[in-house]
Amino acid sequence: MIKKIILTLALIILYKNSFAINNNIMIGGKDATVKIKVYYSMACYPCKKFHTEIAPQIERDFIVDNKASLEYVPYPLDYASIGVEAILSCIPDARDHYNAMSAMFEHQEGWTYADDRFNTISEVLSPYISRERIYECQKDKKSFVDFLKRIDEYKQKKVVRGTPTIYINGKPFKGSLIYKDIKSQINSALK
């Protein structure tokens, strides 16, 4: 029980150190030794797996102690994901943005296959953004164009091979999408 309370307090402190940069969400301190960057798409199942299964372990083992920071970089691969990212970009508070992103990953199957995607997304995001604001954000063509430009830029630079693409201290992660492999590369970067 005490361990759970300590972990909860550590995560509260961790999320106080959350901040947003150009729609990217950074978890952890700017001065962390290891910088992990994850390019993701909201409708990508392996991205959901990373966020829901692997990222919490990274947070617990490395971010809480400021050994690492984790930056999420949107790389939407389909129009539904671009639409969700356009909405998330309208959430100004970094912590709410992160929590909204988490909620969208948790409910990924629901909104990706929904007959009425707008209502499903509105329901999932209702704690973070109003339905009216969601509608406004989806009508904002500039957000869509910005994401399309970003995708094109990353393709030209060959930064992203697919999603999720993970970099650890600027080096592409090589291995399986399992925590043991990622942890090993993080530990190597700490040496």
| field | Signed unit charges on C-beta, dipole axis of the chain, positive-most listed residue LEU125, PRO164, ALA114 | value | PRO164
| the chain: C-alpha pair distances exceeding 31 Å, % | 16
| Scattering profile of the range 136-191 at q = 0.29 Å⁻¹ [log10 I(q)/I(0), Debye over alpha-carbon scatterers] | -1.12
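Pick out the long, greasy-scoring helices in the chain: whole DSSP H runs spanning 20 Å or more along their own axis by Cα, mean Kyte-Doolittle at least 1.6.
Span-like helices, by this rule, are 2-16.
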| remark: For the range 22-96, inverting the pair-averaged 1/r of distinct alpha-carbon atoms gives a Kirkwood value in Å of 13.0
| Within straight-line cross-link reach of LYS149, lysines at Cα separation under 29 Å, skipping those fewer than 8 residues along the same chain | LYS30, LYS35, LYS37, LYS48, LYS49, LYS139, LYS141, LYS157, LYS158, LYS171, LYS174
| said: Can you tell me what share of the DSSP beta bridges in the chain is antiparallel? A percent to the nearest 5 is fine. | reply: 65
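Please compute the alpha carbon radius of gyration of the range 101-187, then divide it by the globular-protein estimate 2.2 N^0.38 Å. Two decimals is fine. Each step should come with its number before you reach the end.
Values: Rg = 17.1 Å, N = 87, 2.2 N^0.38 = 12.0 Å.
With N residues counted in the range 101-187, Rg over 2.2 N^0.38 Å equals 1.42.
A short reminder: the numbers here are calculations on the coordinates, not readings from a lab. No experiment lies behind these values; they were computed from the predicted model shown. In this analysis, Cβ positions are derived from the backbone assuming ideal geometry, glycine residues included, and neighbour counts consider all displayed protein chains.
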